[in-house]
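Nothing in this text is a laboratory measurement; each read-out follows from the coordinates by a stated rule. Just so you know, these numbers come straight off a predicted model, no measurement behind them. Backbone-built Cβ (ideal geometry, glycine too); neighbour counts: all protein chains shown.
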Amino acid sequence: MDLNLKNKIVVVSGSAGKEGSIGETIINRLADEGAIPVLVDRNARGFAYAEKLQQKGIDSLFVQTDVTDPVEMENAVKTIAAKYGRIDAIINNVGVNDGAGLESSYEDFMNSLKLNVVSYFLLAKYALPYLKESKGNILNIGSKVALTGQGGTSGYAAAKGGVLGLTREWAVDLIQYGIRSNAIIIAESYTPAYEDWIKTLEDGESVLKKINKSIPFENRMTKTVEIADTALFIISEKSSHTTGQFVFVDGGYVHLDRALISDVN
């Protein structure tokens, strides 16, 4: 299916994670569709990602940015606009389950909010004038933690709950400009960060097996490319009448009958 994303300027925050991360996968799938991926992240590996795309003849830009800093985020959008003159879509993809729980400090809790939800507001705020011109759209990457809880991660849970609230609020607020706002909710996806966490556990393989069996559809984690492909579909004109929606790409983790879960040995 041609998603008609060719030459669309798509800004993806949190897109300089390790190879195989959700953000990195999204930018590569955008490139495959002929879009122009713009990376916004604080990690310098984004330079190498953009250069790799450019070497393939794909226009791309990396703007190294502290996504929690309003001045840096405003300047990042200005840099993007100066090069391309427009923005067609933004994908807010920042997400760090940082374990800022009830016993954490106020500062840690607030820092979790700044990273995991305030950064979403900042990118949408500063990109808004360009989205109005293009009648573009916003896609937020959310988490099942907003709906199920997890334990020991109050900051991340509050932030991801806020992401869903903002998704609906922006859908209402921006209807007048023809701007759509949606969210993808993911549950368990075997990203590099997930793998790093598993390696810290004493019996990581057993934990991983248990988690896989808890996912009703095919008893496996969601692949990052499955998340990326859904993201591209939602921001494309093929989803032109979809707004204010939470799209679950989770193998049935959140909603399906627990009786479907395999016996855990």
- Task: At 0.36 nm per residue, minus the direct Cα-Cα distance, what do residue 207 and residue 168 gain on full extension? Give it in nm, one decimal, please.
- Result: 10.6 nm
- Query: Which whole-number percent gives the relative contact order of region 80-206, counting Cα pairs below 8 Å spaced six or more residues apart?
  - Reply: 29
- With +1 at each Lys and Arg Cβ and -1 at each Asp and Glu Cβ, the charge dipole magnitude of the chain around its Cα centre, to the nearest 20 debye, comes out at 660
- Item | Per-residue ³J(HN,Hα) for region 103-114, Karplus 6.51 cos²θ - 1.76 cosθ + 1.60, θ = phi - 60°, Hz, x for Gly and Pro | 8, 6, 6, 4, 4, 5, 5, 5, 5, 5, 5, 4
- Is there a pair in 125/223; 144/238; 18/114; 8/213; 18/213 whose C-alpha atoms are over 32 Å apart, and which pairs would that be? 8/213
- Can you give me the relative contact order of the chain as a percent, contacts being Cα pairs under 8 Å and 6 or more apart? 19
- Using 0.36 nm per residue of separation minus the Cα-Cα distance, give me the extension gain between residue 260 and residue 44 in nm, one decimal. 73.5 nm
- Query: Which value, in debye to the nearest 20, describes the size of the charge dipole of region 165-213 about its Cα centre when Lys and Arg Cβ atoms bear +1, Asp and Glu Cβ atoms bear -1, and nothing else is charged?
  - Reply: 240
- Query: How much length, in nm to one decimal, is gained on full extension between residue 103 and residue 237, taken as 0.36 nm per residue of separation minus their Cα-Cα distance?
  - Reply: 43.7 nm
- Note on the structure: For region 100-229, the dipole about the Cα centre with charges only on Cβ (Lys and Arg +1, Asp and Glu -1), to the nearest 20 debye, works out at 480
- Query: Once you put a point 7 Å from the Cα of residue 198 and another 7 Å from the Cα of residue 223, both along the Cβ direction, what distance in nm separates them?
  - Reply: 1.6
